[in-house]
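Report on one structure; see the data block that follows.
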2 protein chains.
Amino acid sequence: MSTTQKPRLEVCLSPALLHLYDTTNTVVVIIDIFRATSTITAVLHNGAKCVIPVASVAECISLGNEIPGSITAGERDGKVADGLQYGNSPLEYPRGFIEDKVLVLTTTNGTRLLHMVKDSAAIVIGSFLNLQAICDYLVSEGKNVLLGCSSWKDRFNMEDTLFAGAVVSKVGDKFDINCDSARAAKMLYEVSTGENLLEFLKDSSHYRRLSGFGLIDDMKYCVTPDLHPIVPILQGAEIVAFK
Amino acid sequence: MSTTQKPRLEVCLSPALLHLYDTTNTVVVIIDIFRATSTITAVLHNGAKCVIPVASVAECISLGNEIPGSITAGERDGKVADGLQYGNSPLEYPRGFIEDKVLVLTTTNGTRLLHMVKDSAAIVIGSFLNLQAICDYLVSEGKNVLLGCSSWKDRFNMEDTLFAGAVVSKVGDKFDINCDSARAAKMLYEVSTGENLLEFLKDSSHYRRLSGFGLIDDMKYCVTPDLHPIVPILQGAEIVAFK
């Protein structure tokens, strides 16, 4: 890439659209605000050794048995899945509990997208909890970027899109953007910033679903910017804090 | 459906997401602002007998040969496709030329989505040129609605989304909406209305592409509301004006 040309930034609104994007030599940011990528960020900032994302509950149980002292976690329909020990709430993992441990995690959407990406330059984990850290990382890497929304079972969702928009709003000028999804995400984020982000999300599908499970405190936590300023990065099968 | 329950309204942002939506007993609005659905609307309002949408240039040529006095139309890369007679510009089809004729049309995105929809209650054609007519039709039918954006080769695009947002903004209160795409489209449309719609679209991917082909007048025409207040509807293989 010549010094005069900016790297490209694009936004993928759903895993079902991932095939439209070239991820070669690209940093892919996995976004699942409610709640996988928020939880991964919190867990690593609170001192966990690593998070191992897995696709299924069965795989989670089996890997948990193999790794001594590991913790298995995952939910189905807002409850800890049968056979696992903990859920998918960032509030469940304070430092006193998770420090130096390995978390084996399965989730509905976030881990799925993460496993779909092939041949990228890097896969990192984005959430409002590490928004500025992700922005700084993307700018310092200077590579092409794909912001990948995990969505809800392939359907566009508001909160992942707003996070993508936050990144575009903060550091979009450092990139070449010819992507209507990126522009739309930025506009939506900029519309939202006049008010409390959770208030803005109150009529979204995911808010309705999770508030039905009594998880409003979780969501409030997940939209708080920069509580956990680290960059979780995939290394082999493990997600660790980037150093 | 009980009298107290409103019909559902959803927005599909790309043909690659169509499988996520149930189109049974649903009115599907096909949206391809630049320019298939704008052209179809103009052509029928200007008195064409019908428009026959086909998937390929070869099919267009072959059907044109079968139907005496028909006109074949379609573009590839902004130029009339080899073997066809006319392009995909609404400005090419004034009443004096198209009245009582049959237009056989192939386009990159719009006709493709139209052929993908199965088992709907009806398939109608939406554009800014018939925005209010589509809104009135949807309300008077009182059925579930899917607003289907044709996008650009499956990628989210701004202008189709803005049209979907215009419909949600105008008649969304008559429907039950639990769809983040619909909410996002509405917000984007409402952000855009402070200014000229074409101005708002100036940094969109499609504007860049079509202005490169010298088609700014086409785009200006396509974002003009309510010039052609009819509802084009698919009947068998033909699109006709709904009466």
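Observations on the model:
- The residues listed here are B:Ala241, B:Ala182, B:Ala237; of these, the one that is out of contact with any helix residue (DSSP H, G or I) (no Cβ under 7 Å at 6 or more places or on another chain), at pLDDT 90 or above and among the hydrophobic types (A, V, I, L, M, F, W, C) is B:Ala237.
- B:Ile30 being in contact (Cβ under 8 Å) with a residue 40 or more places away in the chain, under 22 Å from B:Tyr221 (Cα atoms) and among the hydrophobic types (A, V, I, L, M, F, W, C): yes
Every residue, every condition in (1) farther than 28 Å from B:Phe163 by Cβ; (2) over 17 Å from the mean Cα position of the chain (by Cα); (3) surrounded by fewer than 18 Cβ atoms within 10 Å (Cβ to Cβ); (4) within 14 Å of chain B (Cβ to nearest Cβ), yes or no:
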{"site": "A:Asn157", "(1), (2), (3), (4)": "no, no, no, yes"}
{"site": "A:Phe163", "(1), (2), (3), (4)": "no, no, no, yes"}
{"site": "A:Lys170", "(1), (2), (3), (4)": "yes, yes, no, no"}
{"site": "A:Asn178", "(1), (2), (3), (4)": "no, yes, yes, yes"}
{"site": "A:Ala184", "(1), (2), (3), (4)": "no, yes, no, yes"}
{"site": "A:Phe213", "(1), (2), (3), (4)": "yes, yes, yes, no"}
{"site": "A:Met219", "(1), (2), (3), (4)": "yes, no, no, no"}
{"site": "A:Pro225", "(1), (2), (3), (4)": "yes, no, yes, no"}
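- Qualifying residue in segment A:156-166 (condition: in contact with a strand residue (DSSP E or B) (Cβ under 9 Å, 6 or more places away or on another chain) and in a strand (DSSP E or B)): no
- If the condition is being free of Cβ contacts under 8 Å to residues at least 60 places away in the same chain, within 20 Å of A:Leu17 (Cβ to Cβ) and surrounded by fewer than 24 Cβ atoms within 10 Å (Cβ to Cβ), then segment B:1-21 contributes B:His19, B:Leu20.
- Summed over segment B:129-155, residues that are within 25 Å of B:Gln5 (Cα to Cα) and within 14 Å of chain A (Cβ to nearest Cβ) total 3.
- Residue in segment A:190-202 that is at negative phi, among the small types (Gly, Ala, Ser), within 11 Å of chain B (Cβ to nearest Cβ) and touching a strand residue (DSSP E or B) at 6+ places or on another chain (Cβ under 9 Å) present: no
- No other residue among B:Val139, B:Val145 is more than 29 Å from B:Leu91 (Cα to Cα) and not in a helix (DSSP H, G or I) apart from B:Val145.
- Verdict on A:Ala122 being crowded, with 16+ Cβ neighbours inside 10 Å and over 26 Å from A:Leu197 (Cα atoms): yes
The values are calculated or read from the model by the stated rules, or taken from the named source; none is laboratory data. What you see is a predicted model, and the numbers here were worked out from it, not measured in a lab. FYI the Cβ positions are ideal-geometry reconstructions off the backbone, even for glycines, and counts take in every protein chain you see.
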